[in-house]
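Asks: Submitted below is the structure of interest, expressed as structure tokens.
The values are calculated or read from the model by the stated rules, or taken from the named source; none is laboratory data. Every value quoted in this text rests on a predicted model; they were computed, and no experiment measured them. Neighbour counts are summed over all protein chains in view; Cβ atoms, including those assigned to glycine, are modelled from backbone coordinates with ideal geometry.
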Amino acid sequence: MSDVNWRLAMRSLKRDLRAADVRALFVALVLAVAASTMIAFFLDRLERGLERQAGQMLGAIWYWNSVSRFLLSCASALRMRALYLAIKWIWCR
């Protein structure tokens, strides 16, 4: 393309950018990108929190199962000796 065509293209671009509708489209594009980025960050943070809570819940279930198996084995061993196991329940948060 010749130099004249580039100047004509730049002049046309400047004129189009001064128009209100092009500015409104540019602002709408910026807002759409910002909103979608904000939603993506929010969903990522929510997903990480849910994964962390699920991991804690699975860890608590595993801990409870291991403790209850241990208590059952202790209780059966004590019962064989005609003894009983006193269990104190402690509620943790």
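Asks: Select, from 66, 2, 73, the only residue that is surrounded by fewer than 10 Cβ atoms within 10 Å (Cβ to Cβ), modelled with pLDDT under 85 and of a type in the set (S, T, N, Q). It would help to see each step written out before you state the result.
Replies: Details: 66 fails: surrounded by fewer than 10 Cβ atoms within 10 Å (Cβ to Cβ); 73 fails: surrounded by fewer than 10 Cβ atoms within 10 Å (Cβ to Cβ).
Step by step, each of 66, 2, 73 is checked, and only 2 is surrounded by fewer than 10 Cβ atoms within 10 Å (Cβ to Cβ), modelled with pLDDT under 85 and of a type in the set (S, T, N, Q).
Asks: Find all pairs meeting these conditions: Cβ atoms under 9 angstrom apart; at least six residues apart or on different chains; first residue within the stretch 19-31 and at pLDDT 90 or above; second residue surrounded by 10 or more Cβ atoms within 10 Å (Cβ to Cβ).
Replies: As it stands, the answer is none, since no pair meets every condition given.
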